[in-house]
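First the structure, in the form of structure tokens, and then the observations on it.
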Amino acid sequence: MVKKTNENIAVRVSTVTIVLNVLLSVLKLLAGFIGNSAAMVSDAVHSLSDVCSTVVVIIGAKISSKESDFDHPYGHERFECICAAILSIMLGVTGLGIGYAAFMTIVSGDYQNVQVPGMIALVAAIVSIIIKEWMYRYTYKAGKQIGSGSLIADAWHHRSDALSSIGSLVGIAGAMLGYVILDSIAGLLISLLILKVAYDILKDALEKVTDKACDVETLQLIDEIANNTVGVIRIDDLKTRQFAERIYVDIEICVDGELTVTQGHDIGQDVHDRIECQIPRVKHCQIHINP
């Protein structure tokens, strides 16, 4: 039921952003052509790339929400990580494209043939910044709510588009004031920011598919829950591994060796239930009992 709800949230958010991106792309293209702004036309293409990334998020949400099957007995959550990695690569390519174009313009120093953009391009850039920042916050909040790495990655894609539009705004305003080079300088700086975000998203996605342990705070909470369970003498071993946004826990607890098998099992079951109940991110807790 939870998986289905998460899938519905991801699909709803993604559908809203797709519609807005298509409308925004059309607006930017018209403003770019009418206002003679190459920066705005490039920004429109960037917005269209967001549509592709959001489609990837929808696919990832549907696959990761599938129940366990014979071939995937541990579920499909890690498909979220794969989608986040794909989005980070798309984001990185976008950043490289923006940076390369800006760098080549700066190196060439050819600003004589650049047409001064019109006011419509400036207005379109401001509208784009406002809408894309709202899309970032809307998508990021939903991603955090359902623990979706790919949705969070898509949110940062929207933020990168907002940054791109800021670059367009600075460039257009600079060109209108006679400082054409500002367009290229802003574009280069923005590309570096986009590449940094892409790196962080890819790093997080890769860590979640390589069985990295969960954060220290969660480890301490698991240790505290187990040690405070009646019948547990001590914890002999505790291991965790991340499974996309979920956590697997393997824990060895020591109990009184004089207890019956049933009594020992009941203590282990109590530890298991308390950990999974108090820490929603824990997908499964495996208990081993030592006498």
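The values are calculated or read from the model by the stated rules, or taken from the named source; none is laboratory data. It should be emphasised that the depicted structure is a prediction, and the values quoted were computed from it without experimental measurement. Here the Cβ is made from the backbone with ideal geometry for all residues, glycine too, and neighbour counts use every protein chain on show. Surface areas here come from the heavy atoms of the whole protein model, side chains and all, with no ligands, DNA or RNA. Shrake-Rupley method; radii C 1.70, N 1.55, O 1.52, S 1.80 Å.
General observations
- The set of residues in the stretch 160-183 that are open to solvent by 10 Å² or more (accessible area, probe 1.4 Å) and out of contact with any Leu (no Cβ under 9 Å at 6 or more places or on another chain) comprises Ser164, Ile166, Leu177, Gly178, Tyr179, Val180, Ile181, Leu182, Asp183.
- Selection from the stretch 194-214 of residues that are open to solvent by 70 Å² or more (accessible area, probe 1.4 Å) and either farther than 28 Å from Gly60 by Cβ or free of Cβ contacts under 8 Å to residues at least 60 places away in the same chain (or both): Lys196, Lys203, Thr210, Asp211, Lys212
Yes or no, residue by residue, for (1) touching a strand residue (DSSP E or B) at 6+ places or on another chain (Cβ under 6 Å); (2) assigned to a loop (DSSP other than H, G, I, E, B); (3) more than 16 Å from Ile18 (Cβ to Cβ); (4) of a type in the set (S, T, N, Q):
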| position | (1), (2), (3), (4) |
| --- | --- |
| Tyr138 | no, no, no, no |
| Ala142 | no, no, no, no |
| Trp156 | no, no, yes, no |
| Ser165 | no, no, yes, yes |
| Ser168 | no, no, yes, yes |
| Ala173 | no, no, yes, no |
| Met176 | no, no, yes, no |
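- Residue check for Thr262: surrounded by fewer than 19 Cβ atoms within 10 Å (Cβ to Cβ), modelled with pLDDT of 90 or more and either among the hydroxyl-bearing types (Ser, Thr, Tyr) or touching a strand residue (DSSP E or B) at 6+ places or on another chain (Cβ under 7 Å) (or both): yes
- Some residue of the stretch 215-234 being at pLDDT below 80, under 29 Å from Lys144 (Cβ atoms) and open to solvent by 70 Å² or more (accessible area, probe 1.4 Å): no
- Remark: pairs (first residue in the stretch 265-291, over 18 Å from Asp237 (Cα atoms) and touching a residue at least 40 places away in the same chain (Cβ under 8 Å); second residue of a type in the set (S, T, N, Q) and surrounded by 16 or more Cβ atoms within 10 Å (Cβ to Cβ); Cβ separation under 8 Å; 6+ apart in sequence or on different chains) = Ile279/Thr218; Arg281/Thr218.
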